[in-house]
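Single-structure report; data block below.
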Amino acid sequence: TKITGKFPQEINFERGSVGAVCLSHILHFLSPDELDFAFEKFSRWLTPGGKVFVVTYSPYIACFQHFLPIYKKRYKRGVKWPCWVENNVHDYLEAPPDVLANLPDTMNYLELAPLTQAFEENGFSIERAEYLDPVKNNIPEGLVLDGQEWSGVIAVKK
């Protein structure tokens, strides 16, 4: 069955009716409120033992390294989504103009700790959480900073 709509607002499934959700390069486009809503929905939708598979950009990408000190300060202060950049993401990105022209003004790069915490708070255990190897996963060379460019998580509904 094909379902179309804006995620997470317009996508809905019956409670306990989904066995798996795959989100590849989706979550970093969501605001903090949308992320919280998405995690609540995953918790409702999935059957016990159901899994969520996530791949997302972390803040550790070369073109975003000027934001890292801000991210680290927010993380230390306990901000839930410390890498949310609202309305000025282009101020922190060093990328060619054609790349910047295709990016939104807001971004929410997601590091492993906030992701795993959100899953755990919503009734999931973490099966696997790691940074994806840049070479094995063909991460574009211009994004590679230190091997932590993409966060990968497999969470299991309790």
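Rounded to whole numbers, the Karplus 3J(HN,Hα) couplings from phi for the stretch 49-66 are x, x, 10, 10, 10, 10, 10, 8, 5, 9, x, 8, 10, 3, 6, 10, 5, 5 Hz, using 6.51 cos²θ - 1.76 cosθ + 1.60 with θ = phi - 60°, and x at Gly and Pro. Counting every alpha-carbon pair across the stretch 1-87, the share separated by more than 16 Å comes to 62%.
Using Cβ point charges alone (K and R +1, D and E -1), the dipole size of the stretch 33-117 about the Cα centre works out to roughly 540 debye.
Within the stretch 3-71, the GluC sites (Glu not before Pro) that combine a DSSP coil assignment with at most 11 other C-beta atoms in a 10 angstrom radius are 10, 14. Each part reduced to its alpha carbon centroid, the stretch 110-127 and the stretch 55-98 end up 19 Å apart. Among the trypsin sites (Lys or Arg not before Pro) within the stretch 1-72, those in coil by DSSP and having at most 13 neighbouring Cβ atoms inside 10 Å are 2, 6, 15.
Remark: for residue pairs 41/80; 51/158; 136/157; 51/80, the C-alpha separation exceeds 20 Å in 136/157; 51/80. Relative to the compact-globule estimate of 2.2 N^0.38 Å, the Cα radius of gyration of the chain comes out at 1.05.
Each value in this text was obtained by applying a stated rule to the coordinates, not by laboratory testing. As the structure is a prediction and not an experimental result, all values here were calculated from the model. Glycine gets a Cβ as well: all are built from the backbone with ideal geometry, and neighbour counts include every protein chain shown.
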